[in-house]
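Engineer: Supplied in structure tokens, the structure appears directly below.
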Amino acid sequence: MDTYLEFRGIGKSFPGVQALDDISFTVSGGRVCAILGENGAGKSTLLKILSGDIQPGAGGVYINGAEQRFTSPYQAIRSGISVIYQERQLIPAMNVMENIFLGDIPAGRAGFVDRAELRGRTQEIIDSFGLPIHPLELVGRLPVAYQQMVEIMKAYRRNSKIIAFDEPTASLTDSEISILFELIGKLRNDGKIVLYVSHRLSEIFQITDEIVVLKDGRFVKTLETRETDEQELITAMVGRDIGDTYSGLKRNDRYGETLLEVSHLETAAVHDISFELKSGEILGLSGLVGAGRTEVVRAIFGADAIISGEIKLEGKPVHFKKPGDAIAAGIALCPEDRKEQGLVLLRSIRDNITAPVLDKVRKGLFLDKKAEDEVAGDAIKKYSIKTPSSDKPVLELSGGNQQKVILGRWTSSKMVTKVLILDEPTKGIDVGTKAEVYRIVCDFARDGIGVIFISSELTEVINVADRIIVMRNGRITGEVRREEASEESVLALAMSE
Amino acid sequence: MENMSAAKRLLRSKLFSLAAVTAVVVLIFYLIRRSYLGVDNIRGILNSMSLSGTIGVGMACLLIGGGVDLAAGAEGCFGGVMVALLISKAGAPWPVALVAVILIGAAIGAFNAFLINVLNFMGFIATIGVSSMLQGIINIITKARNISISDRGFWSIGTVAVANLFTLPFMIMAALVVVYGIILSRTRFGRTVYMCGGNRRAARLSGLNPKKISTILYINCGALASLGGAILAARMHSGSPKAVLGSELDAITAAVLGGVSFMGGAGNMGGCFIGLLLLCSFNNGLISVKLASYWTIVAQGVLLIAALIADYFNVRARARELKAAGA
Amino acid sequence: MKEGSKFLKSKMFALLVLLLLIVVFFTIASKGTFFSLVNARNILNAIVIVALLTVGAGALMISGQIDLSTGASGTMCGILMAILLVNGWPWPVAVVVALAAGGFVGAINALLINELHFQGFIATMAMASVTQGLSYALGGAASIPVDNKVVVYMGTGRIADVVPVSIIAALLIFFVYGIMLNKTKFGRSIYLVGGNPAAASLVGIDPKRISYILFINSGVLGSLAGCLFAARLKSATTTGIVSSQFAGMTAAILGGVSFGGGSGGMFGAFVGLLILNSFSNGMTLIKISPYWQTFASGALLLFALALDFSGAKKKN
């Protein structure tokens, strides 16, 4: 019970960036501690240091007063630390028991694997968590939430004293989150130290005992969860009062003609999808992760093959064979995963913004650098992207600014965007930038653009979208207008049989 | 439990179909030429498996662990040349020479591992560079000539045979297949190899050391390649500066034919053995039906492509199955 | 902006210093022979074949791919051209057929990689094996004479009896590809695809199309190199330009084309090529065994990678 973890004077710099500067705070056993801060505040760096993935430049991690020097994750694990990252550290082609014992498979003499023991111990752990998972099930076949549970069981199996979660709910749905919270509660009751990194304030209020706020790589303060409120947290995080995120939004209330009409769309992943989108409308697309939301918009965008059904743009049937066709017709897609699908990280902001309009920034055969710089400069100004110049590689920008580069790409002066599809546009970005994104989305709508807004965060989709379509298992299960929408009604549709 | 047996069934069926293809290939060549299944020719086929097999065992482990060694052929050559030099020029007793050569191979493997794990070079391009360096060194030492071996004790490695069919080189190779097969499937180290090959970052963050595993596998591959070259030298009574070149491609082909995935993390030794059998029966068959030898070079490329195509369909089928299970 | 260009300059600077060192060293070691007009021409002359391969490999590598078959397939195309000429085909037809054959091999590579998702290096290695076998099958052990005057002129001819035609061709090719990469939509698309194919595809660039074009391009350039080589030797053999392929890749990497794709350019590749060729020419001049050159080519490849590595490290 007396375990305590202390960060003492931790500093870490990368070339050109002071990621962490003199971070000191202490967490004791049986407490759930949130680490909160805007993007670039240094939360991930701190977790990486804790897990031994990288080494601090100054200061150190102390457990029960003893300094820990980790040169690899192995040593951190041996010292009783487990970090559960956003992207799962599991091997899909292996089964649950092998994954739970990953890195520490019980073996007898000569290193032969003891399968009976492996299975028995796995079953024990599964039973103690009361989960309906089979030890021999391949992890790749488990639903996402259960994969996360396997991660937690892995940490539990190591008998870790300290368990850190990095945005654990990012890809979980609300119902799955409640399972997760139960487990975190169990860990707390067992006297573990739980660190919890998340952008979602409601969750933080629900499960944490204390909150450590970081800003720009510095420690701001520690707050007792019971004694604080959202307003105080946001002020501490952004250093300013941003007011109510949603109520200040200037909405568009005049819709134009029907822009996009999808009828009976059928692909390998989604079935019988029909809906309409008017110009100036923000259409929310909700549902549990894996419900087929991304697949619907990818099919509309020409990125996935369509089996049957019809798509009409401004009343005319269209057949996009590839994304280029859709872009030419005025449809834009900001994909779900910024780094994997959205940006070419090594290339400059300019290159990333002008990528879809290269045909419009060239003179004859050759690209016109001046025209390109104008287009990029416009976007940088319009969205106040923080960068000294448009030549900077996107890699060096923060998550929020990267998202703005993508928004800038699709709304540049050379683009004629009629339908803008945003797939999880606020995933992993901080509260301040989120508010900016909502504002930008409403601006689009007022400019007459039809927006499809996909989000896993119920509060967000309910407050931003004018109308919400809910999907489940690749089908549309219902539609709610904003005035009637509540988290419960949307969730009920997302989970209905 | 149902899933497990389903997975096993899948695996079995793949091995089975591979074995069936091998049987058909053998049958066709037999029908064209009866002597194809004569004792002498079978011994020839089994014997020819020894070189690519010995190298192949190391290569397969490496591929499963997510690496590749395109210098394996040159390493084998170097092993053959060095064993010949040690015995003929330095007068070393052959067992000493053999051990020394295995250590030399391990050292080259360690150099590969250094380039890849410390300097973070891409495996295939780094080993291409090493291969070129080794070939240079081999030709400098040998002046591009064979180095003959007169030690009859060493010759015996190549001549001893059980039942006039299973030669010692074949049996050494078969023993390696069995031992490494058990290591891969039954030991903690073996599981670790699959994990590192399957998801390197996950393995690292789970406290495993993928660089260590990769280093061991490169050293192992170098040592086995060198051994393979030395055994070939015993069979040929000389160390040749180029006889083993290109056998890394055979080794890779056999492994991929046998179900080792190029993405790492999948495959096993049983499959590799059958893949090797198919490759060698095929090559031998082409020669025994008197096709000019350059057609075997073409055929080899074609066979590798065929193996990869099979792998592609296999992966696709599995992906579809996973999808179906998820839905 | 400044940091980026400074870094680039410093790497380019390092390369130029290296080139200078090589020149100085071999000039001293060869007692002046190295630093003569005749030898400079020799170096440039030797560059032509590798230059074609460097350009093809460089463009592919920027797009994140690799072709290990160009040497073998180029050799096969050289033999094909020689055979067609021997059989009395008119030279333009023979050359075009040979180039088309190179393009065809490239298309098969692209097919295996894009449609069947093979790993690039293994697919192209297999194609190298296939085309090398076909070289033997077509050419046999003997060399095939190439005596068509026009073709031979392309390989050995000189303008005003001084400047070899093929040098001009090589410089022109570097220039054209450099401009293409730097200034055109297609060139930009290559960098975007190399940096992130998924993202490139979602902004309307078709990575498959780029891949097909670049593989076919690499095959055609390889074929051109094979034909020029045969023209220069006035005969086609099965060894041909097989070994030059690694020189091409090494030059590109040395000059800053990164294997991860997404960066590098033709000017760097050209400097890389100059370094490589001055080095091997110098070795020959001071009479070092050709076997050492095999060794050195491997060592240089590793050196090039190490340079790439230290650059990448700096950037992080």
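The values are calculated or read from the model by the stated rules, or taken from the named source; none is laboratory data. It should be emphasised that the depicted structure is a prediction, and the values quoted were computed from it without experimental measurement. Here the Cβ is made from the backbone with ideal geometry for all residues, glycine too, and neighbour counts use every protein chain on show.
Engineer: So which residues in segment A:121-132 are in a helix (DSSP H, G or I), surrounded by 14 or more Cβ atoms within 10 Å (Cβ to Cβ) and not aromatic (Phe, Trp, Tyr)? Show your work before the answer.
Structural biologist: Step one: list which residues in segment A:121-132 are in a helix (DSSP H, G or I), which gives A:121-129.
Then drop every residue that is not surrounded by 14 or more Cβ atoms within 10 Å (Cβ to Cβ), which leaves A:121-123, A:125-126, A:129.
A:Arg121, A:Thr122, A:Gln123, A:Ile125, A:Ile126, listed by residue number.
Engineer: Using the structure shown, decide if C:Met249 is at negative phi, within 11 Å of another protein chain (Cβ to nearest Cβ) and modelled with pLDDT of 90 or more.
Structural biologist: For C:Met249, the condition - at negative phi, within 11 Å of another protein chain (Cβ to nearest Cβ) and modelled with pLDDT of 90 or more - is not met.
Engineer: Another question, if that's okay. Kindly state which strands (runs of 3 or more DSSP E) lie completely within segment A:252-323 and contain at least 1 residues that are under 25 Å from C:Ile205 (Cα atoms).
Structural biologist: Those strands (runs of 3 or more DSSP E) span A:258-266, A:308-313, A:316-318.
Engineer: Residue check, A:Lys316 against (1) away from chain C (no Cβ under 14 Å); (2) at pLDDT 90 or above; (3) closer than 28 Å to A:Arg472 by Cα, all met but one. Which one?
Structural biologist: (3)
Engineer: Which of the residues belonging to segment A:86-109 are more than 17 Å from A:Thr122 (Cα to Cα) and facing chain B (nearest Cβ under 7 Å)?
Structural biologist: A:Gln89, A:Ala93
Engineer: Got a number for residues in segment A:412-426 being at negative phi, surrounded by 21 or more Cβ atoms within 10 Å (Cβ to Cβ) and of a type in the set (D, E, K, R)?
Structural biologist: The number of residues fulfilling the criteria is 1.
Engineer: In segment B:208-250, which residue that is more than 14 Å from every other protein chain (Cβ to nearest Cβ) and in a loop (DSSP other than H, G, I, E, B) is nearest to A:Ile77 (Cα to Cα)? Working first, answer last.
Structural biologist: Of segment B:208-250, the ones more than 14 Å from every other protein chain (Cβ to nearest Cβ) are B:214-215, B:217-240, B:243-244.
Right, trim to in a loop (DSSP other than H, G, I, E, B) and you get B:237, B:240, B:243-244.
Values: B:His237: 54, B:Ser240: 50, B:Ala243: 49, B:Val244: 45 Å.
Across segment B:208-250, the extreme among qualifying residues is B:Val244.
Engineer: Could I ask something else about it? Quick one: in segment C:273-290, of everything that is of a type in the set (S, T, N, Q) and over 11 Å from C:Leu19 (Cβ atoms), which residue is surrounded by the fewest Cβ atoms within 10 Å (Cβ to Cβ)?
Structural biologist: Applying the filter and picking the extreme gives C:Ser289.
Engineer: Hey, could you check segment B:255-274 for residues that are farther than 14 Å from B:Ala174 by Cβ and of a type in the set (Val, Ile, Thr) and say which is nearest to the other protein chains (Cβ to nearest Cβ)?
Structural biologist: Step one: filter segment B:255-274 for residues farther than 14 Å from B:Ala174 by Cβ, giving B:255-268, B:271.
In the following step, the residues that additionally are of a type in the set (Val, Ile, Thr) were identified as B:256, B:260.
Working: B:Val256: 8, B:Val260: 12 Å.
Looking at the filtered set, the residue picked out is B:Val256.
Engineer: Further, regarding this structure: Only one of A:Asp304, A:Asp359 is within 8 Å of chain C (Cβ to nearest Cβ) and either under 30 Å from A:Glu257 (Cα atoms) or at pLDDT 90 or above (or both); which?
Structural biologist: A:Asp359
Engineer: Let me ask something additional. Taking C:Lys208 as the residue in question, decide whether it is more than 19 Å from the chain's Cα centre (by Cα), more than 9 Å from every other protein chain (Cβ to nearest Cβ) and at positive phi.
Structural biologist: Taking the combined requirement at face value, the residue does not satisfy it.
Engineer: With the condition being in contact with a strand residue (DSSP E or B) (Cβ under 8 Å, 6 or more places away or on another chain), more than 14 Å from chain B (Cβ to nearest Cβ) and not acidic (Asp, Glu), I'd like the helices (runs of 4 or more DSSP H) fully within segment C:74-182 carrying at least 1 qualifying residues.
Structural biologist: Because the criterion is at least 1 residues that are in contact with a strand residue (DSSP E or B) (Cβ under 8 Å, 6 or more places away or on another chain), more than 14 Å from chain B (Cβ to nearest Cβ) and not acidic (Asp, Glu), the helices (runs of 4 or more DSSP H) in segment C:74-182 that meet it are C:149-156.
Engineer: Could you tell me whether any residue of segment A:135-151 is away from chain B (no Cβ under 12 Å), in contact (Cβ under 8 Å) with a residue 12 or more places away in the chain, surrounded by fewer than 18 Cβ atoms within 10 Å (Cβ to Cβ) and not aliphatic (A, V, I, L, M)?
Structural biologist: No, that holds for no residue.
Engineer: Working only within segment A:40-77, note down all residues that are assigned to a helix (DSSP H, G or I) and under 30 Å from A:Asp430 (Cβ atoms).
Structural biologist: Hits for segment A:40-77 are A:Lys43, A:Ser44, A:Thr45, A:Leu46, A:Leu47, A:Lys48, A:Ile49, A:Leu50, A:Pro73, A:Ala76, A:Ile77.
Engineer: Among the residues of segment B:27-65, what is the count of those that are over 21 Å from the mean Cα position of the chain (by Cα) and over 26 Å from B:Ile157 (Cβ atoms)?
Structural biologist: Qualifying residue count for the region: 11.
Yes or no, residue by residue, for (1) facing another protein chain (nearest Cβ under 8 Å); (2) among the small types (Gly, Ala, Ser); (3) free of Cβ contacts under 8 Å to residues at least 40 places away in the same chain; (4) surrounded by fewer than 20 Cβ atoms within 10 Å (Cβ to Cβ):
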| position | (1), (2), (3), (4) |
| --- | --- |
| A:Phe320 | no, no, yes, no |
| A:Ile331 | no, no, no, no |
| A:Pro335 | yes, no, no, no |
| A:Ile353 | no, no, no, no |
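Engineer: Is it true that some residue in segment B:97-104 is surrounded by 16 or more Cβ atoms within 10 Å (Cβ to Cβ) and under 15 Å from B:Ser240 (Cβ atoms)?
Structural biologist: yes
Engineer: Tell me whether segment A:377-388 contains one or more residues that are under 25 Å from C:Tyr177 (Cα atoms) and within 10 Å of another protein chain (Cβ to nearest Cβ).
Structural biologist: No, every residue in segment A:377-388 fails to be under 25 Å from C:Tyr177 (Cα atoms) and within 10 Å of another protein chain (Cβ to nearest Cβ).
Engineer: Checking B:Asn117 against (1) within 14 Å of another protein chain (Cβ to nearest Cβ); (2) under 23 Å from C:Thr124 (Cβ atoms), only one condition comes out false. Which one?
Structural biologist: The number of the failed condition is (2).
Engineer: Scan segment A:418-438 for residues that are at pLDDT 90 or above and not hydrophobic (A, V, I, L, M, F, W, C) and jot them down.
Structural biologist: A:Lys418, A:Asp423, A:Tyr438
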